[in-house]
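Here the structure comes first, spelled out in structure tokens, and everything after it is commentary.
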Amino acid sequence: MDLAQFVSEKRQRWEALEQLLKMAETQGLSVLSIEQGKAFIRLYRLASSDLVWVQAHAGFSELVDYLNRLVARSYAQVAPRPKLHIAALFGFFLEGFPKLWVREFRLFLLAVGLFFGGAAFGYLAAESNPELAHHVIPADHVQTDPAQRAEQEAARGVASGDRQVVFASFLFTHNIQVAILCFCLGLTLGIGTALMLFFNGLLLGGLAWVYAQKALQAWFWAWILPHGLVEITVICIAGAAGFVLARGIVSPKDKKRSSALYTESKTATQLLLGTFPLFVYAGIIEATLSQIHPPQLSIAFKLGFALFSGLLVYAYLLSPLLRSLWRKRNT
């Protein structure tokens, strides 16, 4: 059978399949009658056979592309769709994500080292040359005297509920963008991820130096740490996810690099997705408690809350190890 004859004989049933596909894609398979449903399955199987024949005998690219699309669209309608099970999602956040974090703990420590290495460098660089501080911290912190900012924050009092919600939404969006960028830069062999972690630490170190010059270290850390302990942890987890991606490229071991990257990308994506609830938590704290300053909330209370919050987060992350130790103790 030549190609022209093949197309002439099969075109009518391809067109019939396309008509049924249009109905299914726009209104769902349930719109088809029983007879139409049977016809759809039969025509889908025949189209699949036609695709195999064309690939083996004709090699006509336009026809192969057409049948490929037709078969793929049909498969999308009949293939079982994975359902999102709330129990499975809850199980991932409760156990799966902490286990994954423990498994990739070394890369997390690398991210933490880069972040706090940047913070130490920013502080010491500003200490040795105060002019450098103006190049590493945001402009509004350069233009506003720390003592004046502390007075303004004390006079402002507690923000309204609406303002807190808007601010929390902004912070959550911004922090997620930072985390996703840290993650994606893993494709630069991890160099971009490392630089971003170091630069964010640099900003923190520079800011800490500015407030230290006015003897406002306690005020500064009471402002930063209630949300910062969680936020820095989560950004470093996102950095670890970026390094997981880089590992697939740099160290594929016995796999092809593309295959290793595909495998590691699934791990990295799970690691990144697991941080989202923590980002929400950090954003809420940053928009509320972190913005309430003395005399409304004392420095001691805010630092105590930061310590308590940090302990809770790390107890959650370390829960697989804690459960394992508990089981060993009771056996």
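Annotations for the structure displayed:
- From the coordinates of this entry, Rg/Rh (Cα atoms, Kirkwood Rh) is computed, and it appears in [x] 1.00; [y] 1.16; [z] 1.06 under the label [y].
- The residues neighbouring G310, those whose beta-carbon lies less than 15 Å from its own, together hold a net charge of -1 under the Lys/Arg +1, Asp/Glu -1 convention.
- Across the stretch 179-285, the mean sequence separation of Cα contacts (distance under 8 Å, 6 or more residues apart), normalised by length, yields a relative contact order of 37 percent.
- Area accessible to solvent at D254, 1.4 Å probe radius, in Å²: 150 Å²
- For the stretch 1-133, the Cβ-based charge dipole about the Cα centre amounts to some 620 debye (Lys, Arg positive; Asp, Glu negative; other atoms uncharged).
- Rolled with a 1.4 Å probe across the full set of protein chains, the surface gives I284 an accessible area near 90 Å².
- For the chain, carbon and sulfur atoms together expose 64% of the accessible surface, with a 1.4 angstrom probe and every protein chain in place.
- Within the straight-line cut-off of under 25 Å between alpha carbons, the lysines reachable from K22 are K10, K38, K83, sequence neighbours fewer than 8 places apart in one chain being disregarded.
- Helix 191-212 and the longest principal axis of the C-alpha atoms of the chain enclose an angle of approximately 20°.
- Which of T173, T193 is most accessible, then next, and so on - probe 1.4 Å: T173, T193
- 222 nm mean residue ellipticity, helices alone, for the chain (DSSP H n ≥ 4; -39,500 (n - 2.57); rounded to 500): -26500 deg cm²/dmol
- Reach of K253 by Cα under 18 Å, taken over lysines that are not fewer than 8 positions away in the same chain: K266
- With all protein chains in place and ligands, DNA and RNA left out, the 1.4 Å accessible area ranks H174, H227, H85 as H85, H174, H227, largest first.
- Across the chain, C-alpha contacts under 8 Å between residues 6 or more apart give a mean separation that, scaled by the residue count, equals a relative contact order of 21 percent.
- Contact order normalised by residue count of the stretch 1-122, Cα under 8 Å, 6+ apart, percent: 19 percent
- Principal-axis tilt of helix 276-287 within the chain, Cα atoms, nearest 10 degrees: 40 degrees
- Solvent-accessible area of R42, all protein chains in place: 130 Å² (probe radius 1.4 Å, heavy atoms, ligands and nucleic acids excluded).
- Set of aspartates and glutamates with alpha-carbon distance to K214 below 19 Å, sequence-local pairs under 8 removed: E127, E131, D140, D145, E151, E153
- Each label point was placed 7 Å from the Cα along the Cα-to-Cβ direction; for A218 and A88 their separation is 5.2 nm.
- Counting only alpha carbon atoms, the long axis of helix 34-57 and the longest principal axis of the chain meet at about 90°.
The values are calculated or read from the model by the stated rules, or taken from the named source; none is laboratory data. Owing to the predicted nature of the structure, the values given are computational and were not obtained by experimental measurement. Quick reminder, even Gly has a Cβ in these numbers, built from the backbone with ideal geometry, and neighbours come from all protein chains shown. For the accessible areas, the whole protein counts, side chains as well, though only heavy atoms, and no ligand, DNA or RNA atoms are used. Shrake-Rupley method; radii C 1.70, N 1.55, O 1.52, S 1.80 Å.
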